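The values are calculated or read from the model by the stated rules, or taken from the named source; none is laboratory data. None of these values were measured; they are calculated from a predicted model. We place every Cβ from the backbone using ideal geometry, glycine too, and count neighbours over all the protein chains shown.
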């Protein structure tokens, strides 16, 4: 069953589902590019790792349910004797605190590599929620790695399919949309190529740059998202009768309600 939305499905953005979606998108991008870039290039999935701690504001999107759970009222505690008359201890319910056990976060990206030289040609990143939290370690790491790439001869592609959080660039044109794809070609660093996408629109076919003499190759982002949706049976677990998380703007919520009702999902 395909997604009911013409482009990005906002229900895929929900924090508890996004890690799996991100994994599928990375794998799907590599799968889609493979026949287009060979034999001179190959696509590999690599990890970008960074350290974090309990003071990192980005942890709020890694553990979306982070909260202190209230316990029942234990003000009236009594000890009841057991069969031999000795008192038994009453177990008091504890407060539940979620924790981040691993202080290193790993985020996957696609790297296109020149087969002959083994050199890096293009980096393709699908943004995670931590990359969009201002002041977070994840955002600082993401921006620093981007700066390093832009100072090299490697092409950079950033795919942002999350409405929440701060866009990766502050230019007004990049903020006045729901989703965006940004491409920086090594030979044209002063100009970013920007695809702006609204919720109600199909996702674009994006030109992925390679090293000369190879031309850009097309990445059908809509097909990648739809393949991920169908291949992982997201339709079986998404409840379209409820609003997505994060919620839609008022106008988009009305449009989505009409769309979902027309497809019998509400």
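Taking the criterion of being closer than 19 Å to residue 25 by Cα and part of a loop (DSSP other than H, G, I, E, B), the residues of segment 230-244 that qualify are 232, 233, 237, 238. Scanning segment 219-240 turns up one or more residues that are in contact (Cβ under 8 Å) with a residue 24 or more places away in the chain, surrounded by fewer than 19 Cβ atoms within 10 Å (Cβ to Cβ), within 20 Å of the chain's Cα centre (by Cα) and farther than 21 Å from residue 17 by Cβ.
Restricting attention to segment 131-149 and to residues that are in a loop (DSSP other than H, G, I, E, B) and over 15 Å from the mean Cα position of the chain (by Cα), the residue that is surrounded by the most Cβ atoms within 10 Å (Cβ to Cβ) turns out to be 136.
Being under 18 Å from the mean Cα position of the chain (by Cα) and modelled with pLDDT under 55 is a description that applies to residue 65.
Screening the candidates 135, 165 for the property of being at pLDDT below 90 and at positive phi yields one hit, 135.
So, in segment 1-57, exactly how many residues are assigned to a loop (DSSP other than H, G, I, E, B), closer than 19 Å to residue 128 by Cβ, in contact with a strand residue (DSSP E or B) (Cβ under 9 Å, 6 or more places away or on another chain) and at pLDDT 95 or above? Of the residues in segment 1-57, 1 are assigned to a loop (DSSP other than H, G, I, E, B), closer than 19 Å to residue 128 by Cβ, in contact with a strand residue (DSSP E or B) (Cβ under 9 Å, 6 or more places away or on another chain) and at pLDDT 95 or above. Looking across segment 145-168, just one residue is touching a strand residue (DSSP E or B) at 6+ places or on another chain (Cβ under 9 Å) and without any contact (Cβ under 8 Å) to a residue 24 or more places away in the chain, and that is 146.
The set of residues from segment 105-144 being without any contact (Cβ under 8 Å) to a residue 24 or more places away in the chain and closer than 24 Å to residue 216 by Cβ comprises 117, 118, 119. Considering (1) under 18 Å from the mean Cα position of the chain (by Cα); (2) assigned to a helix (DSSP H, G or I), the lone condition that residue 252 does not fulfil carries the number (1). With the condition kept exactly as written, say whether any residue in segment 150-157 is outside any loop (DSSP other than H, G, I, E, B) and within 20 Å of residue 15 (Cα to Cα). The answer is no, given that none of the residues of segment 150-157 is outside any loop (DSSP other than H, G, I, E, B) and within 20 Å of residue 15 (Cα to Cα). How many residues, within segment 199-214, are without any contact (Cβ under 8 Å) to a residue 24 or more places away in the chain, closer than 25 Å to residue 256 by Cα and part of a loop (DSSP other than H, G, I, E, B)? Qualifying residue count, segment 199-214: 1. In this structure, residue 189 does not qualify as surrounded by 14 or more Cβ atoms within 10 Å (Cβ to Cβ) and either touching a helix residue (DSSP H, G or I) at 6+ places or on another chain (Cβ under 8 Å) or assigned to a loop (DSSP other than H, G, I, E, B) (or both).
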